Each structure stands twice: as C-alpha cells, then as structure tokens.
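K.L.:
So that we are looking at the same thing, I have put the structure below in structure tokens.
The values are calculated or read from the model by the stated rules, or taken from the named source; none is laboratory data. A quick note: this is a predicted structure, and the numbers were derived from the prediction, not measured. When we count neighbours, we look across all protein chains shown, and the Cβ atoms used for this are built from the backbone with ideal geometry, even at glycine.
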Amino acid sequence: MHEVLRMKGISSFIATILLVALVIAMAPIISVWVTGFMHTSTETISSQANLEIICNDGSISFSDTNCCSTSKYFSGILWNNGKIALGNVSFQLMYLNGSQERLYLYYASGLISANATSPGNFSMSRGDQFRFNLSLGSCTIDRVVVSTNCTAKVQDTVKSSDITSTC
C-alpha cells in the first residue's frame, strides 16, 4: 500500500538540446558586446598613438621667470619652440613647504590668466611667445612645471635657482 514515488527529470537528450539552444541564443549577444568593445578599444589606442607620434614634434620652454615677494606675482615668458600647436597649458607649482598647486591657464582680453579649478582654454601655435604675470599666494617656489596636452612628452621645469626675485 505504500507507493514508491519516483522522481522524474528531463532526459539527458533534452538537457543537451536546451544547453545548445541557450548557447546559440547567447552567441549574438556576446558577439555584439565583443565587437563593440574591440572597436572602442581600437579607437582609443589609435587616438593615443597618434597623439604620442604628433607630440614628438612638440616643445615648450620658460624664460625670464621672476617672482616678486611683495606683490606675489610670478612672471615670465612661455615659448612654444616645437613644430606643433599645444593646448591645455597649465603650471604645476611646487612650494618649498611641500605643498603643490595646479594653475590652468586661459586667455581672455589679451591677457593670460589662471585658475585652480577648471582647465583653461590657453593654447599656443608653433613659435608663439607669451608673457605671463600671475598672482600667487606665495613666492616660496621650489619649482614650476609647465605641461600641455602632450602630457609628459612636452613640458618644461624651472627651478627656484632660475627664478629671480626682483620687484
């Protein structure tokens, strides 16, 4: 009087068919994702490689740098002495006390100005020379690095020993 209950499942043949159908259904989804990923990666690598190649012809330099300790103005001349235009020009100031400050340069009303909050619009064509005169909080500068859209390839550093202090 006791019936033995037998558990029944799907046959291994049907399970195999379901797995094959799942793989076939997932293949287009994975294919679209991989294709998109590869395309995006290829474009990114290509644009970075082009920028690196172009930046080999870039160069920028400081000259006549001065920081007046009473007015706290840092001045000098920036010169694009390379063969390409440069953009996103900024200064990284390193002070003797170890603090740092990044100033993004922008060009407005015929003057070069700077701010510390957002990238500026300052760019330099090939051969351009610009005089800058920027207000700082202190003239206790250890060194200043000017950098550009060409990252570490196109930059120049001026050390405190190369900054005069006449007012």
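K.L.:
Which of the following residues is surrounded by 12 or more Cβ atoms within 10 Å (Cβ to Cβ) and either hydrophobic (A, V, I, L, M, F, W, C) or in contact (Cβ under 8 Å) with a residue 24 or more places away in the chain (or both): Lys159, Lys153?
P.N.:
Of the residues listed, the single one that is surrounded by 12 or more Cβ atoms within 10 Å (Cβ to Cβ) and either hydrophobic (A, V, I, L, M, F, W, C) or in contact (Cβ under 8 Å) with a residue 24 or more places away in the chain (or both) is Lys153.
K.L.:
For Thr148, are the conditions met, namely being β-branched (Val, Ile, Thr), buried (at least 18 other Cβ atoms within 10 Å of the Cβ) and touching a helix residue (DSSP H, G or I) at 6+ places or on another chain (Cβ under 9 Å)?
P.N.:
yes
K.L.:
Further, regarding this structure: Take Asp64 and decide whether it is touching a residue at least 12 places away in the same chain (Cβ under 8 Å), out of contact with any helix residue (DSSP H, G or I) (no Cβ under 6 Å at 6 or more places or on another chain) and charged (D, E, K, R).
P.N.:
yes
K.L.:
Would you mind stating whether Thr70 is farther than 18 Å from Asn149 by Cα and touching a helix residue (DSSP H, G or I) at 6+ places or on another chain (Cβ under 9 Å)?
P.N.:
No, not satisfied.
Table: residues versus (1) exposed (fewer than 15 other Cβ atoms within 10 Å of the Cβ); (2) touching a helix residue (DSSP H, G or I) at 6+ places or on another chain (Cβ under 8 Å); (3) part of a loop (DSSP other than H, G, I, E, B).
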site	(1), (2), (3)
Asp57	yes, no, yes
Gly76	no, no, no
Gly82	no, no, yes
Met94	no, no, no
Gly98	yes, no, yes
Leu103	no, no, no
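K.L.:
Filter segment 105-143 down to residues that are more than 24 Å from Asp57 (Cβ to Cβ) and either in contact (Cβ under 8 Å) with a residue 40 or more places away in the chain or under 24 Å from the mean Cα position of the chain (by Cα) (or both), then give me how many there are.
P.N.:
Total meeting the criteria: 20.
K.L.:
Give me the residue from segment 105-124 that is part of a loop (DSSP other than H, G, I, E, B) and of a type in the set (A, V, I, L, M, F, W, C) and, out of that set, modelled with the lowest pLDDT. Let's see the steps before the verdict.
P.N.:
Of all residues in segment 105-124, those part of a loop (DSSP other than H, G, I, E, B) come to 109-110, 116-123.
Next, from what is left, pick out any that are of a type in the set (A, V, I, L, M, F, W, C): 116, 122.
Working: Ala116: 80, Phe122: 85.
Checked segment 105-124; the qualifying residue modelled with the lowest pLDDT is Ala116.
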